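The values are calculated or read from the model by the stated rules, or taken from the named source; none is laboratory data. Every value quoted in this text rests on a predicted model; they were computed, and no experiment measured them. Cβ atoms come from the backbone with ideal geometry, glycine included; neighbour counts cover every protein chain shown. These area figures cover heavy atoms from the full protein model, side chains too; ligands, DNA and RNA do not enter into them. Shrake-Rupley method; radii C 1.70, N 1.55, O 1.52, S 1.80 Å.
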Amino acid sequence: MPMTDSSTPTLLGPLFASDAMTAAFSDAARLQGMLDFEAALARAEASIGLMPATAAEAIARACTADRFDVAALARNTAQAGNPAIPMVKQLTALVAQHHPSAARFVHWGATSQDAMDTGLVLQIRAGLAAIEPDLQRLTAALAALAETHAKTVMIGRTLLQQAVPVTFGLKAAGWLAALDRTRARLAEAGRAAQVLQFGGAAGTLAALGDRGLDVAAALAKELDLVLPALPWHGHRDRLVDLAAALGLLVGTLGKMARDLSLLMQTEVAEAFEPAGRGRGGSSTMPHKRNPIACAVTLAAATRVPPLVATLLAAMPQEQERGLGGWHAEWETLPEIFRLAAGALHHMADTIAGLTLDARRMRENIEATRGLVMAEAVTMALAERIGKHGAHDLVESACRRALAESVHLRDALAREPAVMAQLTPDALDRLFAPESYLGMAERFVERVLAARTPRS
(Lines give C-alpha, C1' and ligand atoms only; values in the text may rest on other atoms or scores of the structure.)
Protein backbone atom coordinates (compact mmCIF):
# COMPACT_ATOMS: atom_id res chain seq x y z
CA MET A 1 0.00 0.00 0.00
CA PRO A 2 1.77 3.21 -1.14
CA MET A 3 2.14 6.13 1.18
CA THR A 4 -0.57 8.79 1.20
CA ASP A 5 0.23 12.48 1.48
CA SER A 6 0.38 12.95 5.24
CA SER A 7 0.95 16.67 4.79
CA THR A 8 -2.70 17.11 3.79
CA PRO A 9 -3.98 19.88 6.09
CA THR A 10 -6.10 19.05 9.08
CA LEU A 11 -9.00 21.34 9.97
CA LEU A 12 -6.83 23.52 12.24
CA GLY A 13 -3.52 22.87 10.49
CA PRO A 14 -3.46 25.97 8.25
CA LEU A 15 -4.39 28.15 11.24
CA PHE A 16 -1.52 27.08 13.50
CA ALA A 17 1.24 26.01 11.09
CA SER A 18 2.74 27.12 7.80
CA ASP A 19 2.46 24.85 4.77
CA ALA A 20 6.24 24.57 4.51
CA MET A 21 6.61 23.48 8.14
CA THR A 22 3.71 21.05 7.89
CA ALA A 23 5.53 19.41 5.01
CA ALA A 24 8.91 19.44 6.81
CA PHE A 25 7.49 17.56 9.81
CA SER A 26 4.92 15.37 8.09
CA ASP A 27 4.94 11.59 8.43
CA ALA A 28 6.29 11.45 4.89
CA ALA A 29 9.21 13.67 5.85
CA ARG A 30 9.89 11.67 9.02
CA LEU A 31 9.99 8.44 7.04
CA GLN A 32 12.05 9.96 4.23
CA GLY A 33 14.55 11.33 6.74
CA MET A 34 15.16 7.85 8.12
CA LEU A 35 15.41 6.46 4.60
CA ASP A 36 17.89 9.16 3.61
CA PHE A 37 20.01 8.02 6.54
CA GLU A 38 19.82 4.40 5.34
CA ALA A 39 20.71 5.31 1.76
CA ALA A 40 23.62 7.47 2.89
CA LEU A 41 24.83 4.76 5.26
CA ALA A 42 24.93 2.25 2.43
CA ARG A 43 26.80 4.65 0.15
CA ALA A 44 29.27 5.50 2.94
CA GLU A 45 29.98 1.88 3.70
CA ALA A 46 30.41 1.08 0.02
CA SER A 47 32.84 3.99 -0.34
CA ILE A 48 35.24 2.39 2.15
CA GLY A 49 34.74 -1.17 0.94
CA LEU A 50 32.37 -2.56 3.58
CA MET A 51 29.75 -3.54 1.00
CA PRO A 52 29.63 -3.83 -2.78
CA ALA A 53 28.73 -0.67 -4.66
CA THR A 54 25.90 -2.57 -6.37
CA ALA A 55 24.40 -3.38 -2.96
CA ALA A 56 24.56 0.27 -1.91
CA GLU A 57 22.89 1.31 -5.15
CA ALA A 58 20.09 -1.22 -4.63
CA ILE A 59 19.50 -0.04 -1.08
CA ALA A 60 19.50 3.63 -2.11
CA ARG A 61 16.99 2.97 -4.91
CA ALA A 62 14.56 1.46 -2.41
CA CYS A 63 14.82 4.41 0.01
CA THR A 64 11.80 6.30 -1.28
CA ALA A 65 8.98 6.97 1.17
CA ASP A 66 6.13 6.53 -1.30
CA ARG A 67 7.08 2.87 -1.74
CA PHE A 68 6.29 2.08 1.89
CA ASP A 69 3.08 0.86 3.48
CA VAL A 70 2.59 3.51 6.14
CA ALA A 71 -0.51 1.92 7.62
CA ALA A 72 1.50 -1.22 8.27
CA LEU A 73 4.38 0.85 9.62
CA ALA A 74 2.04 2.53 12.07
CA ARG A 75 0.57 -0.76 13.27
CA ASN A 76 3.98 -2.33 13.65
CA THR A 77 5.40 0.74 15.38
CA ALA A 78 2.87 0.21 18.15
CA GLN A 79 4.32 -3.27 18.61
CA ALA A 80 8.00 -2.52 18.03
CA GLY A 81 8.17 0.67 20.09
CA ASN A 82 9.61 2.89 17.35
CA PRO A 83 9.06 3.32 13.60
CA ALA A 84 12.65 2.57 12.59
CA ILE A 85 12.35 -1.15 13.37
CA PRO A 86 9.42 -1.88 11.00
CA MET A 87 10.88 0.60 8.50
CA VAL A 88 14.11 -1.41 8.31
CA LYS A 89 12.10 -4.62 7.86
CA GLN A 90 10.10 -3.13 4.98
CA LEU A 91 13.26 -1.69 3.44
CA THR A 92 15.01 -5.04 3.64
CA ALA A 93 12.06 -6.72 1.96
CA LEU A 94 11.95 -4.10 -0.81
CA VAL A 95 15.67 -4.50 -1.51
CA ALA A 96 15.36 -8.27 -1.51
CA GLN A 97 12.71 -8.15 -4.24
CA HIS A 98 15.23 -6.98 -6.84
CA HIS A 99 18.65 -7.59 -5.27
CA PRO A 100 18.52 -10.43 -2.72
CA SER A 101 22.24 -10.36 -2.01
CA ALA A 102 22.09 -6.67 -1.08
CA ALA A 103 19.33 -7.10 1.48
CA ARG A 104 21.71 -8.39 4.13
CA PHE A 105 23.59 -5.06 4.11
CA VAL A 106 20.57 -2.91 5.01
CA HIS A 107 21.10 -0.90 8.23
CA TRP A 108 24.61 -2.38 8.57
CA GLY A 109 26.17 -1.49 11.93
CA ALA A 110 23.46 1.04 12.88
CA THR A 111 20.73 1.11 15.49
CA SER A 112 17.15 2.39 15.40
CA GLN A 113 18.02 5.60 17.23
CA ASP A 114 20.72 6.40 14.67
CA ALA A 115 18.12 6.35 11.89
CA MET A 116 15.51 8.27 13.87
CA ASP A 117 17.78 10.93 15.31
CA THR A 118 19.63 11.59 12.08
CA GLY A 119 16.34 11.61 10.20
CA LEU A 120 15.09 14.20 12.70
CA VAL A 121 18.22 16.28 12.17
CA LEU A 122 17.48 16.30 8.43
CA GLN A 123 13.94 17.44 9.18
CA ILE A 124 15.33 20.15 11.45
CA ARG A 125 17.49 21.40 8.61
CA ALA A 126 14.43 21.62 6.37
CA GLY A 127 12.42 23.24 9.17
CA LEU A 128 15.01 25.94 9.77
CA ALA A 129 15.13 26.64 6.04
CA ALA A 130 11.32 26.96 6.05
CA ILE A 131 11.43 29.51 8.89
CA GLU A 132 14.08 31.78 7.41
CA PRO A 133 12.03 33.45 4.62
CA ASP A 134 9.33 34.57 7.07
CA LEU A 135 11.98 35.77 9.52
CA GLN A 136 13.56 37.84 6.76
CA ARG A 137 10.17 39.15 5.68
CA LEU A 138 9.13 40.10 9.21
CA THR A 139 12.39 41.80 10.19
CA ALA A 140 12.50 43.73 6.91
CA ALA A 141 8.93 44.94 7.45
CA LEU A 142 9.73 45.96 11.04
CA ALA A 143 12.84 47.83 9.91
CA ALA A 144 10.74 49.74 7.38
CA LEU A 145 8.13 50.58 10.04
CA ALA A 146 10.78 51.72 12.51
CA GLU A 147 12.40 54.01 9.95
CA THR A 148 9.14 55.39 8.54
CA HIS A 149 7.59 56.06 11.93
CA ALA A 150 10.65 57.16 13.89
CA LYS A 151 8.87 60.48 14.53
CA THR A 152 5.25 59.26 14.65
CA VAL A 153 4.24 60.25 18.17
CA MET A 154 2.02 58.01 20.27
CA ILE A 155 1.46 57.54 23.96
CA GLY A 156 3.70 55.14 25.84
CA ARG A 157 1.92 52.84 28.25
CA THR A 158 3.27 51.30 31.44
CA LEU A 159 1.29 48.87 33.59
CA LEU A 160 -1.49 49.34 30.99
CA GLN A 161 -1.80 53.04 31.87
CA GLN A 162 -0.83 56.07 29.81
CA ALA A 163 2.69 57.18 30.73
CA VAL A 164 4.65 59.61 28.51
CA PRO A 165 4.93 60.10 24.74
CA VAL A 166 6.99 57.67 22.65
CA THR A 167 7.01 56.97 18.92
CA PHE A 168 5.64 54.04 16.98
CA GLY A 169 9.06 53.75 15.36
CA LEU A 170 10.57 53.14 18.79
CA LYS A 171 8.01 50.41 19.50
CA ALA A 172 8.74 48.74 16.13
CA ALA A 173 12.48 49.04 16.77
CA GLY A 174 12.04 47.25 20.09
CA TRP A 175 10.27 44.36 18.38
CA LEU A 176 12.94 44.32 15.67
CA ALA A 177 15.90 44.29 18.06
CA ALA A 178 14.39 41.42 20.03
CA LEU A 179 13.76 39.44 16.84
CA ASP A 180 17.30 40.05 15.61
CA ARG A 181 18.67 38.72 18.88
CA THR A 182 16.36 35.71 18.67
CA ARG A 183 17.30 35.11 15.07
CA ALA A 184 20.98 34.99 16.04
CA ARG A 185 20.28 32.53 18.86
CA LEU A 186 18.19 30.35 16.56
CA ALA A 187 20.90 30.31 13.91
CA GLU A 188 23.54 29.27 16.45
CA ALA A 189 21.35 26.57 18.00
CA GLY A 190 20.34 25.35 14.54
CA ARG A 191 23.95 24.96 13.45
CA ALA A 192 24.81 23.09 16.65
CA ALA A 193 21.88 20.70 16.17
CA GLN A 194 22.85 19.67 12.63
CA VAL A 195 25.15 16.82 13.68
CA LEU A 196 25.20 13.18 12.70
CA GLN A 197 23.87 10.56 15.09
CA PHE A 198 25.70 7.28 14.52
CA GLY A 199 26.74 5.09 17.41
CA GLY A 200 25.32 1.63 16.94
CA ALA A 201 23.83 -0.35 19.78
CA ALA A 202 25.42 1.50 22.73
CA GLY A 203 27.45 4.30 21.18
CA THR A 204 30.66 2.38 20.42
CA LEU A 205 30.09 1.29 16.77
CA ALA A 206 31.50 -2.07 17.87
CA ALA A 207 29.62 -3.86 15.07
CA LEU A 208 31.88 -2.13 12.55
CA GLY A 209 35.11 -3.20 14.20
CA ASP A 210 37.95 -0.78 13.57
CA ARG A 211 36.10 0.94 10.70
CA GLY A 212 33.46 2.68 12.80
CA LEU A 213 34.93 6.18 12.62
CA ASP A 214 35.69 5.76 8.92
CA VAL A 215 32.04 4.95 8.24
CA ALA A 216 30.88 7.81 10.49
CA ALA A 217 33.06 10.32 8.66
CA ALA A 218 31.88 9.11 5.25
CA LEU A 219 28.26 9.13 6.41
CA ALA A 220 28.51 12.68 7.75
CA LYS A 221 29.97 13.76 4.42
CA GLU A 222 27.18 12.03 2.48
CA LEU A 223 24.51 13.87 4.51
CA ASP A 224 26.43 17.14 4.78
CA LEU A 225 26.22 17.01 8.58
CA VAL A 226 28.86 17.72 11.21
CA LEU A 227 30.56 14.66 12.68
CA PRO A 228 30.44 15.10 16.47
CA ALA A 229 33.21 13.95 18.80
CA LEU A 230 31.06 10.99 19.84
CA PRO A 231 27.45 9.75 19.51
CA TRP A 232 24.85 11.59 21.59
CA HIS A 233 22.10 9.01 22.13
CA GLY A 234 21.61 9.93 25.79
CA HIS A 235 22.69 13.57 25.60
CA ARG A 236 19.93 15.77 24.21
CA ASP A 237 21.25 19.25 24.98
CA ARG A 238 21.59 20.31 21.33
CA LEU A 239 17.95 19.57 20.58
CA VAL A 240 16.76 21.21 23.78
CA ASP A 241 18.86 24.29 23.05
CA LEU A 242 17.16 24.53 19.67
CA ALA A 243 13.73 24.08 21.26
CA ALA A 244 14.53 26.86 23.74
CA ALA A 245 15.58 29.16 20.89
CA LEU A 246 12.28 28.45 19.15
CA GLY A 247 10.52 29.13 22.44
CA LEU A 248 12.23 32.52 22.63
CA LEU A 249 11.15 33.24 19.07
CA VAL A 250 7.53 32.44 19.89
CA GLY A 251 7.71 34.49 23.09
CA THR A 252 9.04 37.48 21.13
CA LEU A 253 6.26 37.09 18.57
CA GLY A 254 3.80 36.83 21.45
CA LYS A 255 5.04 40.16 22.83
CA MET A 256 4.37 41.75 19.45
CA ALA A 257 0.94 40.14 19.26
CA ARG A 258 0.03 41.30 22.76
CA ASP A 259 1.02 44.88 21.96
CA LEU A 260 -0.81 44.93 18.64
CA SER A 261 -3.98 43.38 19.99
CA LEU A 262 -4.10 46.03 22.71
CA LEU A 263 -3.52 48.78 20.15
CA MET A 264 -6.35 47.31 18.08
CA GLN A 265 -8.96 47.59 20.84
CA THR A 266 -11.91 49.80 19.91
CA GLU A 267 -11.13 52.28 22.68
CA VAL A 268 -7.50 52.56 21.50
CA ALA A 269 -7.72 51.98 17.73
CA GLU A 270 -4.16 52.97 16.87
CA ALA A 271 -3.05 49.93 14.83
CA PHE A 272 -4.89 47.25 12.88
CA GLU A 273 -4.19 43.88 11.32
CA PRO A 274 -4.72 43.77 7.55
CA ALA A 275 -8.38 43.72 6.58
CA GLY A 276 -9.94 41.47 4.00
CA ARG A 277 -13.13 39.65 3.12
CA GLY A 278 -13.63 36.79 5.57
CA ARG A 279 -10.72 37.87 7.76
CA GLY A 280 -11.27 38.59 11.45
CA GLY A 281 -15.04 38.72 11.25
CA SER A 282 -17.71 37.52 13.64
CA SER A 283 -20.41 34.93 13.00
CA THR A 284 -23.01 37.32 14.43
CA MET A 285 -21.56 40.86 14.61
CA PRO A 286 -20.87 42.33 11.15
CA HIS A 287 -18.92 45.29 12.56
CA LYS A 288 -16.19 43.19 14.20
CA ARG A 289 -12.56 43.35 13.06
CA ASN A 290 -10.88 40.80 15.27
CA PRO A 291 -7.10 40.42 15.68
CA ILE A 292 -6.87 36.91 14.26
CA ALA A 293 -3.10 36.74 13.69
CA CYS A 294 -2.51 38.04 17.20
CA ALA A 295 -4.87 35.43 18.62
CA VAL A 296 -3.06 32.58 16.85
CA THR A 297 0.34 33.93 17.87
CA LEU A 298 -0.71 34.32 21.49
CA ALA A 299 -2.08 30.77 21.42
CA ALA A 300 1.33 29.56 20.23
CA ALA A 301 3.05 31.63 22.93
CA THR A 302 0.83 29.84 25.46
CA ARG A 303 1.39 26.35 24.08
CA VAL A 304 5.12 26.37 23.30
CA PRO A 305 6.63 26.98 26.78
CA PRO A 306 5.18 23.74 28.24
CA LEU A 307 6.47 21.87 25.19
CA VAL A 308 9.96 23.26 25.76
CA ALA A 309 9.59 22.25 29.40
CA THR A 310 8.75 18.71 28.26
CA LEU A 311 12.07 18.47 26.44
CA LEU A 312 13.91 19.88 29.43
CA ALA A 313 12.21 17.33 31.66
CA ALA A 314 13.20 14.55 29.25
CA MET A 315 16.92 15.34 29.41
CA PRO A 316 17.91 13.03 32.32
CA GLN A 317 17.98 9.92 30.13
CA GLU A 318 19.16 6.62 31.49
CA GLN A 319 22.68 5.35 30.81
CA GLU A 320 23.65 4.99 27.13
CA ARG A 321 20.11 5.19 25.68
CA GLY A 322 17.03 6.41 27.46
CA LEU A 323 13.66 4.90 28.27
CA GLY A 324 10.73 7.24 27.72
CA GLY A 325 12.64 10.53 27.67
CA TRP A 326 13.78 10.00 24.08
CA HIS A 327 10.30 8.89 23.13
CA ALA A 328 8.81 12.06 24.63
CA GLU A 329 10.73 14.12 22.07
CA TRP A 330 9.26 12.50 18.97
CA GLU A 331 6.08 14.58 18.73
CA THR A 332 7.15 17.46 20.96
CA LEU A 333 9.93 19.07 18.95
CA PRO A 334 7.98 18.90 15.65
CA GLU A 335 5.01 20.55 17.37
CA ILE A 336 7.26 23.38 18.60
CA PHE A 337 8.51 23.88 15.04
CA ARG A 338 4.97 23.88 13.65
CA LEU A 339 3.64 26.38 16.18
CA ALA A 340 6.66 28.66 15.81
CA ALA A 341 6.39 28.66 12.04
CA GLY A 342 2.66 29.33 12.10
CA ALA A 343 2.99 32.25 14.50
CA LEU A 344 5.90 33.65 12.52
CA HIS A 345 4.00 33.42 9.23
CA HIS A 346 0.96 35.17 10.70
CA MET A 347 3.04 37.99 12.18
CA ALA A 348 5.03 38.45 8.98
CA ASP A 349 1.77 38.88 7.06
CA THR A 350 0.39 41.21 9.72
CA ILE A 351 3.37 43.55 9.93
CA ALA A 352 3.67 43.68 6.14
CA GLY A 353 0.03 44.85 5.93
CA LEU A 354 -0.27 46.73 9.23
CA THR A 355 -2.54 49.78 9.22
CA LEU A 356 -1.71 52.67 11.55
CA ASP A 357 -3.88 55.62 12.57
CA ALA A 358 -1.54 58.48 13.47
CA ARG A 359 -4.46 60.84 14.05
CA ARG A 360 -5.93 58.48 16.62
CA MET A 361 -2.53 58.18 18.27
CA ARG A 362 -2.51 61.95 18.68
CA GLU A 363 -6.06 62.00 20.04
CA ASN A 364 -5.15 59.38 22.64
CA ILE A 365 -2.25 61.48 23.86
CA GLU A 366 -4.75 64.25 24.56
CA ALA A 367 -7.22 61.93 26.30
CA THR A 368 -5.87 62.80 29.76
CA ARG A 369 -6.05 66.56 29.09
CA GLY A 370 -2.33 67.04 29.48
CA LEU A 371 -1.66 64.79 32.47
CA VAL A 372 0.78 62.67 30.49
CA MET A 373 3.05 65.72 30.21
CA ALA A 374 3.28 66.13 33.99
CA GLU A 375 6.77 64.65 34.12
CA ALA A 376 7.98 67.07 31.45
CA VAL A 377 6.72 70.03 33.50
CA THR A 378 8.16 68.59 36.69
CA MET A 379 11.63 68.22 35.17
CA ALA A 380 11.54 71.77 33.77
CA LEU A 381 10.57 73.20 37.17
CA ALA A 382 13.08 70.97 38.98
CA GLU A 383 15.92 72.76 37.23
CA ARG A 384 14.78 75.95 38.99
CA ILE A 385 13.29 74.93 42.34
CA GLY A 386 14.49 71.36 42.90
CA LYS A 387 12.90 68.01 42.22
CA HIS A 388 10.93 67.69 45.47
CA GLY A 389 9.30 71.12 45.26
CA ALA A 390 8.56 70.71 41.57
CA HIS A 391 6.95 67.32 42.14
CA ASP A 392 4.67 68.72 44.86
CA LEU A 393 3.57 71.66 42.70
CA VAL A 394 2.74 69.54 39.65
CA GLU A 395 1.09 66.80 41.70
CA SER A 396 -1.20 69.37 43.33
CA ALA A 397 -2.05 70.80 39.89
CA CYS A 398 -2.82 67.30 38.59
CA ARG A 399 -5.31 66.73 41.39
CA ARG A 400 -7.02 70.04 40.65
CA ALA A 401 -7.13 69.29 36.91
CA LEU A 402 -8.83 65.96 37.59
CA ALA A 403 -11.25 67.38 40.15
CA GLU A 404 -12.27 70.28 37.92
CA SER A 405 -12.06 68.37 34.58
CA VAL A 406 -9.71 70.95 33.11
CA HIS A 407 -6.49 70.66 31.12
CA LEU A 408 -3.35 70.39 33.24
CA ARG A 409 -1.85 73.35 31.38
CA ASP A 410 -4.74 75.52 32.60
CA ALA A 411 -4.44 74.26 36.15
CA LEU A 412 -0.71 75.04 36.15
CA ALA A 413 -1.28 78.49 34.64
CA ARG A 414 -3.41 79.39 37.67
CA GLU A 415 -0.57 78.48 40.04
CA PRO A 416 1.57 81.56 40.88
CA ALA A 417 4.51 79.44 42.04
CA VAL A 418 4.63 77.76 38.63
CA MET A 419 4.21 80.90 36.55
CA ALA A 420 6.94 82.59 38.56
CA GLN A 421 9.31 80.10 36.98
CA LEU A 422 7.84 79.51 33.50
CA THR A 423 6.56 81.89 30.85
CA PRO A 424 3.26 81.04 29.12
CA ASP A 425 5.19 80.18 25.93
CA ALA A 426 7.55 77.93 27.84
CA LEU A 427 4.58 76.19 29.44
CA ASP A 428 2.97 75.69 26.03
CA ARG A 429 6.16 74.11 24.69
CA LEU A 430 6.23 71.66 27.57
CA PHE A 431 2.82 70.36 26.46
CA ALA A 432 3.99 69.58 22.93
CA PRO A 433 4.52 65.78 22.90
CA GLU A 434 7.29 66.11 20.32
CA SER A 435 9.33 68.06 22.87
CA TYR A 436 9.48 65.14 25.27
CA LEU A 437 10.67 62.17 23.21
CA GLY A 438 14.17 61.99 24.65
CA MET A 439 16.41 59.61 22.71
CA ALA A 440 13.54 57.84 20.90
CA GLU A 441 14.75 58.75 17.41
CA ARG A 442 18.37 58.03 18.31
CA PHE A 443 17.42 54.61 19.68
CA VAL A 444 15.66 53.76 16.42
CA GLU A 445 18.75 54.81 14.48
CA ARG A 446 20.95 52.64 16.68
CA VAL A 447 18.79 49.56 16.15
CA LEU A 448 18.75 50.08 12.39
CA ALA A 449 22.49 50.74 12.25
CA ALA A 450 23.27 47.63 14.28
CA ARG A 451 21.48 45.44 11.75
CA THR A 452 22.83 47.06 8.55
CA PRO A 453 24.92 44.00 7.60
CA ARG A 454 21.90 41.74 8.11
CA SER A 455 19.36 40.96 5.43
Rounded to the nearest whole Å², what accessible area per residue is found for the chain with the 1.4 Å probe?
-> 47 Å²
At R0 = 25 Å, FRET efficiency that the Cβ-Cβ distance of LEU213 and ALA96 yields, to 0.05 = 0.25
In angstroms, what radius of gyration and Dmax does the stretch 203-332 have, counting Cα atoms only?
-> 23.1, 73
Between LEU262 and GLU395, 0.36 nm times their residue separation minus their Cα-Cα distance comes to what?
-> 45.0 nm
Computed [θ] at 222 nm, helices only, for the chain once each DSSP H run of length n ≥ 4 contributes -39500 (n - 2.57) = -20500 deg cm²/dmol
Would you mind giving the three semi-axes, in whole Å and largest first, of the ellipsoid equivalent to the stretch 144-186 according to its Cα gyration tensor?
-> 22, 14, 5
Between the alpha-carbon centers of the stretch 204-226 and the stretch 371-426, tell me the distance in whole angstrom.
-> 76 Å
What percent of all Cα-Cα pairs in the stretch 1-141 falls in each 10 Å bin, counting up from 0?
-> 12, 36, 31, 14, 6, 1
Helix 212-223 sits off the longest principal axis of the Cα atoms of the chain, rounded to the nearest 10 on a 0 to 90 degree scale, by 60 degrees
Taking Cα atoms, the helix 27-47 axis meets the longest principal axis of the chain at an angle in degrees (rounded to 10) of 50 degrees
Degrees separating the helix 168-193 axis from the principal Cα axis of the chain, which is the longest one = 20 degrees
The chain, relative contact order in percent, only Cα pairs under 8 angstrom and at least six apart counted | 18 percent
Over all alpha-carbon pairs in the chain, figure out the percentage whose distance exceeds 29 Å.
-> 59 percent
Express in Å², to the nearest 10, the accessible area of MET419 obtained by rolling a 1.4 Å probe over the protein heavy atoms while all chains stay in place.
-> 60 Å²
Give the span of the stretch 136-285's Cα atoms along each principal axis, as three whole-Å numbers ordered largest to smallest.
-> 72, 39, 28
In whole Hz, with x marking every Gly and Pro, tabulate ³J(HN,Hα) for the stretch 255-264 from phi via Karplus 6.51 cos²θ - 1.76 cosθ + 1.60, θ = phi - 60°.
-> 4, 4, 5, 4, 4, 5, 5, 5, 5, 8
Contour excess over end-to-end distance, with Cα ends at ALA140 and ALA413 and 0.36 nm allotted per residue = 93.6 nm
Radius of gyration, Dmax [the stretch 75-195; alpha carbons; angstrom] | 25.4, 78
Return the carbon/sulfur percentage of the accessible area of the chain, one whole number, probe 1.4 Å, all protein chains in place.
-> 57 percent
Can you work out the PRE-style zone for ASP69? Point 7 Å along Cα to Cβ, and I want the residues of the stretch 90-121 with backbone N under 19 Å.
-> 90-99
